[in-house]
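What follows is a single structure, written as structure tokens, with notes after it.
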Amino acid sequence: MGQLEDLIGELKDKIIKTLGLMDITPADIEDDAQLVGGDTGIDSIDVLELVMMIEKDYGVKIENKELGAKVFASVRTLATYIFENQRKKA
């Protein structure tokens, strides 16, 4: 379970850097809190940037909007999706 927790922490850092969220620290993003439209102020345009970052950094594609809605529910769901889909390739 440690790898998933590490990935969650790493994703929080990358989300903040990718979106330039100056006022937010990784501690402000709860693992299971709503990611898009939640307290972080992340919107659908931000999601597009995150999708590109995930493809580039992790080699994991998010093919459509329906999948994206599920994957971006929280940092934990995002990390779980990346974790499970990275393994398939390896």
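Hey, which of the helices (runs of 4 or more DSSP H) in the stretch 42-90, taking only ones fully inside, have at least 2 residues that are modelled with pLDDT under 95 and within 26 Å of Met22 (Cα to Cα)? Walk me through how you get there before you give the answer.
Details: elements: 44-58, 65-71, 75-89.
In the stretch 42-90, the matching helices (runs of 4 or more DSSP H) lie at 44-58, 65-71.
What pairs come out if I take residues in the stretch 42-56 that are free of Cβ contacts under 8 Å to residues at least 60 places away in the same chain and pair them with residues that are of a type in the set (D, E, K, R) whose C-beta lies under 7 Å away, six or more apart or interchain?
Hits for this filter: Met53/Lys14; Glu55/Lys61.
Which numbered condition in (1) touching a residue at least 40 places away in the same chain (Cβ under 8 Å); (2) crowded, with 19+ Cβ neighbours inside 10 Å is the only one that Val71 fails?
Checking Val71 against (1) touching a residue at least 40 places away in the same chain (Cβ under 8 Å); (2) crowded, with 19+ Cβ neighbours inside 10 Å, the one that fails is (1).
Tell me, which residue of the stretch 49-68 that is hydrophobic (A, V, I, L, M, F, W, C) and surrounded by 16 or more Cβ atoms within 10 Å (Cβ to Cβ) is nearest to Ala33 (Cα to Cα)? Show your work before the answer.
Applying the first criterion (hydrophobic (A, V, I, L, M, F, W, C)) to the stretch 49-68 yields 50-54, 60, 62, 67.
Of the ones still in play, those that are also surrounded by 16 or more Cβ atoms within 10 Å (Cβ to Cβ) are 50-51, 53-54, 60, 62.
On the way: Leu50: 17, Val51: 19, Met53: 21, Ile54: 19, Val60: 22, Ile62: 20 Å.
By that ranking, first place goes to Leu50.
Do we find that Glu30 is out of contact with any strand residue (DSSP E or B) (no Cβ under 7 Å at 6 or more places or on another chain), exposed (fewer than 13 other Cβ atoms within 10 Å of the Cβ) and either in a helix (DSSP H, G or I) or acidic (Asp, Glu) (or both) in this structure? Give the steps one after another, and end with the answer.
Numbers: out of contact with any strand residue (DSSP E or B) (no Cβ under 7 Å at 6 or more places or on another chain): yes; exposed (fewer than 13 other Cβ atoms within 10 Å of the Cβ): no; either in a helix (DSSP H, G or I) or acidic (Asp, Glu) (or both): yes.
Judged against the criteria, Glu30 is not a match.
Quick check on the stretch 17-36: of everything there that is among the aliphatic types (A, V, I, L, M) and free of Cβ contacts under 8 Å to residues at least 12 places away in the same chain, which residue is farthest from Arg76 (Cα to Cα)? Full working, then the answer.
Filtering the stretch 17-36 for residues among the aliphatic types (A, V, I, L, M) gives 19, 21-22, 24, 27, 29, 33, 35-36.
Adding the requirement that they be free of Cβ contacts under 8 Å to residues at least 12 places away in the same chain leaves 22, 27.
On the way: Met22: 22, Ala27: 14 Å.
Among those that are among the aliphatic types (A, V, I, L, M) and free of Cβ contacts under 8 Å to residues at least 12 places away in the same chain, it is Met22.
The values are calculated or read from the model by the stated rules, or taken from the named source; none is laboratory data. Please read all numbers here as calculations on a predicted model, not as lab measurements. Cβ sites come from the backbone with ideal geometry, for glycine too, and all protein chains shown count toward neighbours.
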